1. Would you confirm, using the coordinates I've provided, whether I120 is more than 17 Å from F83 (Cα to Cα) and out of contact with any Cys (no Cβ under 7 Å at 6 or more places or on another chain)?
2. Which condition breaks for R160 when tested against (1) surrounded by 14 or more Cβ atoms within 10 Å (Cβ to Cβ); (2) assigned to a helix (DSSP H, G or I); (3) touching a residue at least 24 places away in the same chain (Cβ under 8 Å)?
3. Look through region 81-101, keep the residues that are in a helix (DSSP H, G or I) and out of contact with any helix residue (DSSP H, G or I) (no Cβ under 8 Å at 6 or more places or on another chain), and return whichever of them is surrounded by the fewest Cβ atoms within 10 Å (Cβ to Cβ).
4. Suppose we keep only residues that are in contact (Cβ under 8 Å) with a residue 60 or more places away in the chain and crowded, with 23+ Cβ neighbours inside 10 Å within region 56-65. Which one would you say is nearest to G154 (Cα to Cα)?
5. Looking at (1) without any contact (Cβ under 8 Å) to a residue 12 or more places away in the chain; (2) closer than 20 Å to T139 by Cβ; (3) not hydrophobic (A, V, I, L, M, F, W, C), which is the only condition G94 fails?
6. Here is a list of conditions, (1) surrounded by fewer than 17 Cβ atoms within 10 Å (Cβ to Cβ); (2) part of a helix (DSSP H, G or I); (3) without any contact (Cβ under 8 Å) to a residue 40 or more places away in the chain; (4) not charged (D, E, K, R), and I113 meets all of them except one; can you say which number that is?
Amino acid sequence: MITFMLFVYMATFNNYAVYVCINIWGCDMSENQAAEAVVAESGQAQVTPSGADKGADVNNGRTGVLVAYALYALSPFFLITYFFSIIITLVSRGSAHEMWKSHHQYQIRTFVISIAAIPILFLIAVAVFNDFKFMIYTTPILGAWVVIRSIKGGMRAFDRQPILKPKTFLI
């Protein structure tokens with residue numbers, strides 16, 4: 001519970017999270033040195049110096065995205081973090097910079113697809129195999145899918161790059 005309170009505190013107070021990231025975790029990030037990812041017409045992210053977007057704060061929403069990805073990665077081990085991550089995603093997407101919208105869409109789709117997959121796996125286990133062993137074998141695969149998607153998205157968010165195909169079902 002203390003960890004979740006720390007995550008919510010960090011997601012709520014973005015400037016404090018930047019301070020913690022710089023001074024405690026040793027991240028290579030500061031308000032003055034932050035880079036913005038601007039999606040070119042080709043779909044590739046280009047890094048431009050901070051302030052190139054006429055004062056738009058590209059870091060607005062980044063902390064919420066990173067915290068949600070961390071909670072998604074922990075969800076196969078601690079199920080409650082899965083629900084905390086979707087709450088953080090839904091709360092932080094309204095005030096986020098345009099670049100982070102693809103991450104929010106990717107996170108929401110990860111949640112919805114995995115929640116929808118559970119009853120489908122249950123029906124397959126009962127109707128086809130008439131045994132619940134099928135769910136025992138496939139549920140860890142679903143958990144691995146969530147973890148891999150969260151790691152992929154977290155790496156792109158850490159590099160300040162948008163998700164290029166946020167509507168994909170694949171990894």
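Just so you know, all these numbers are worked out from the coordinates, no wet-lab data involved. All values reported here derive from a predicted model rather than from experimental measurement. Reconstructed Cβ throughout: ideal geometry from the backbone, glycine too, with neighbour counts over all protein chains shown.
1. The answer is yes for I120.
2. Failed condition: (2).
3. F83
4. V65
5. Going through (1) without any contact (Cβ under 8 Å) to a residue 12 or more places away in the chain; (2) closer than 20 Å to T139 by Cβ; (3) not hydrophobic (A, V, I, L, M, F, W, C) one by one, G94 breaks only (2).
6. (3)
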